Amino acid sequence: MANFNGFVLTNKGRELLAKAVAGEQLTFTKMEVGDGTFTGDIKTLTSLVSKKEDFSINQIENQGNGQVLLKAIINNQNTTIGYYIREIGVFAHGADNIEILYAYNKAIEADYFPAFNSSNVVEIEYQNIIIIDQAQNITAVIDPSLTYL
């Protein structure tokens, strides 16, 4: 099972959060996974180092403590070459609809994500705790085809 450091807000994420605390809408749009490794200042990132795939968010839950829980289920149906998930990015936009890398997380121990074939369908649910501080107007783009009862 993978082990991650924890999400760090990017500089663009901090700017968007400041606008959201002031009352602007904050919309989480997607999650990306990649196999890149980054050793610099995470706050300066604007994209994943080596994006492999992106996935829709299927649930958002306000934790009531300045954080939201974003859930995404990733599957390997479109994966043609296996890789290690070493990085996760959460993307969002404000009222301007310009999507940015809001928060970034890098693996301490990575999950191997195998290529799809008819005998190995793999699904992993990621539950991501993301800082929203005192922002009140928070939403996510939810793909209704991915919600489970």
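Could you name the aspartates and glutamates whose alpha carbon sits less than 16 Å from that of K51, not counting residues in the same chain fewer than 8 places away?
E32, D35, E87, E99, D111
Consider a paramagnetic label point 7 Å from the Cα of D96 along Cα→Cβ; state which residues of the range 45-60 have an amide N under 20 Å from it.
Output list for this probe position: 45-48.
Angle between the Cα long axis of helix 11-21 and the longest principal axis of the chain, 0 to 90 degrees, nearest 10?
Relative to the chain, helix 11-21 is tipped by roughly 50 degrees.
Where a Cα-Cα gap under 13 Å defines reach, which aspartates and glutamates qualify for K19, not counting those fewer than 8 residues away within the same chain?
D96, D133
Nothing charged except the Cβ atoms of Lys and Arg (+1) and of Asp and Glu (-1): what's the magnitude of the dipole of the chain about its Cα centre? Round to the nearest 20 debye. Could you put the intermediate results ahead of the total?
Values: 10 positive and 17 negative charges, 41 e Å.
My answer is approximately 200 debye.
Limiting things to C-alpha atoms, what are the Rg and the maximum Cα-Cα separation (Dmax) for the range 1-87, in angstroms?
Here Rg and the maximum Cα pair distance are 14.5, 44 Å.
Show which lysines lie in cross-link reach of K52 when reach means a straight Cα distance below 20 angstrom and same-chain residues fewer than eight apart are skipped.
Partners found: K30, K71, K106.
State the answer as a single residue: which of T27, T37, H93 lies farthest towards the positive end of the charge dipole of the range 16-149, with beta carbon charges of +1 for Lys and Arg and -1 for Asp and Glu, about the Cα centre.
Farthest along the dipole direction, towards plus: T37.
Points 7 angstrom from Cα along the Cβ direction at D143 and E53: gap in nanometres?
Each label point is offset 7 Å from its Cα along the Cβ direction, giving 1.0 nm.
Give the accessible surface of the range 44-149 per residue, rounded to a whole number of Å², with probe radius 1.4 Å and ligands, DNA and RNA excluded.
So the range 44-149 comes to 55 Å² accessible per residue, rounded to a whole number.
Please list 134-142, 7-15 highest first by mean number of surrounding beta-carbon atoms within 10 Å per residue. List each step's numbers first, then the result.
Values: 134-142: 14.9, 7-15: 18.8.
Put in order of decreasing packing, that is 7-15, 134-142.
Could you tell me which of Y126, F4, A115 has its Cα farthest along the dipole of the range 1-132 towards the positive end, charges placed at Cβ (Lys, Arg +1; Asp, Glu -1), taken about the Cα centre?
F4
Once fully extended, how much extra length lies between Q136 and N62, figured as 0.36 nm per residue of separation less the alpha-carbon to alpha-carbon distance? All intermediate terms of the calculation are to be shown ahead of the outcome.
Working: separation 74, 0.36 × 74 = 26.64 nm, distance 0.97 nm.
That works out to 25.7 nm of additional length.
The values are calculated or read from the model by the stated rules, or taken from the named source; none is laboratory data. Given the structure is predicted, the values throughout are model-derived calculations rather than measurements. Cβ: placed from backbone, ideal geometry, glycine included. Neighbour counts: every protein chain shown. Accessible surface areas use protein heavy atoms only, side chains included; no ligands, DNA or RNA. Shrake-Rupley method; radii C 1.70, N 1.55, O 1.52, S 1.80 Å.
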